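Contents: one structure, followed by commentary.
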Amino acid sequence: MKHLVALVSGFGWHVQDLRLAAGVVGVKLDAVAFPRVAGRIGDGPARVEAGGIDLGASDGVLVRMMPPGSLEQVIFRMDALHRLQGMGVPVMNPPRAVEAAVDKYLALAMLDAEGLPVPGTWVGESAAEAQLAFERLGGDVVVKPLFGSEGRGLVRVSDPELALRTFRTLERLGCVLYVQRFVRNPGFDVRAFILGGRMLGSIRRHAGAGEWRTNVAVGGRPEACSLEPEAERLAIRSAGAVGAVMAGVDLLPDLDRGGWMVLEVNAVPGWKALGAATGVDVAAAILAELRDSGR
């Protein structure tokens, strides 16, 4: 029986779902908190472990979530993942994909480099330059934290004075300013779950009453949907652009310019809403993919 290890930030619903799925796909699964990762060098054979488990001897490591931490802590965790990958251990997602997807600017730049449609975006540190970008982007923008998920920390601004106040506040706090054109849409976006180069399932997320964000975490209503071939291909290419084996790709229909826009690629996606809406056993599919990619 193959032995897989999930590195997690907590032991809530997703971890319980993975544990149930382990029995379905016939693997042994250990879930260990990410901060318990440690490395040994020069004291016998080199080793990367977590909670006393030799990760280098496992058949695969699943990065379920990267918990918050200091810069040193996060860099060390990524170093450990790179080391495991160098030892030949399958890591999902690969560390480079996790690094790219967690950084909105880097991920968007990689999508753009592949010729994929993304919203007009300006990123920098100057409030004055951000104000010029606000005007250039049409005077209706979404200001996002460079790192973050689930729609938290997003602010939509369409008033020039409010925009400048927002930019100056963020500048004083030492933040990177991430300013993106608001894409006029039908009140929903699509989350496509990509696994192993194929689409496992997709949902349409409708914004709640009085809300422009569609994320389920802030009240969005999910429903199962089928994607047209253009959108499905776009989602698969987007996951590939950042090197993700598993990804939640957020697509938005653009009413002004037509077609689809890629908003984000999440390399540590949740699946509770997707599984409930579609009936797909996402956790079992993830563990089977990691099991079969092993050595």
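All of the numbers you see were taken from the coordinates with simple rules; none came from a lab. Keep in mind it's a predicted model, so treat the numbers as computed, not measured. So basically every Cβ, Gly included, is an ideal-geometry build from the backbone, and we count neighbours across all protein chains shown.
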Long-range amide H partners of residue 206 with built H, under 5 Å: 221, 223
- prompt: Computed over the Cα atoms, what is the radius of gyration of the range 2-97 divided by 2.2 N^0.38 Å, N being its residue count?
  reply: 1.04
query: Quick one: length gained pulling residue 168 to residue 70 fully straight, 0.36 nm per residue minus the C-alpha distance?
result: 32.8 nm
field: Tilt relative to the chain, helix 160-172 - C-alpha long axis, 0 to 90 degrees, to 10
entry: 40 degrees
- line: With the charge dipole of the range 2-97 built from beta-carbon charges (+1 for Lys and Arg, -1 for Asp and Glu) about the Cα centre, the Cα from 46, 73, 9 projecting farthest to the positive end belongs to 9
Tilt relative to the chain, helix 127-136 - C-alpha long axis, 0 to 90 degrees, to 10: 70 degrees
field: Total formal charge among the other residues, if their Cβ is under 15 angstrom from that of residue 112, Lys/Arg +1 and Asp/Glu -1
entry: 0
- request: For the chain, find the longest principal axis of its Cα atoms and tell me its angle to the long axis of helix 229-241, 0 to 90°, nearest 10.
  value: 60 degrees
- request: Please find, in a Gaussian network model of the chain (springs between Cα atoms separated by less than 10 Å), the residue of 53, 41, 75 whose mean-square fluctuation is greatest.
  value: 41
- prompt: What is the gain in length, in nm to one decimal, between residue 19 and residue 185 on full extension, counting 0.36 nm per residue of separation less the C-alpha to C-alpha distance?
  reply: 55.9 nm
- line: In debye to the nearest 20, the charge dipole size for the chain, taken about the Cα centre with +1 at each Lys and Arg Cβ and -1 at each Asp and Glu Cβ, equals 500 debye
- line: Rg/Rh of the chain (Cα atoms, Kirkwood Rh), to two decimals, equals 0.99
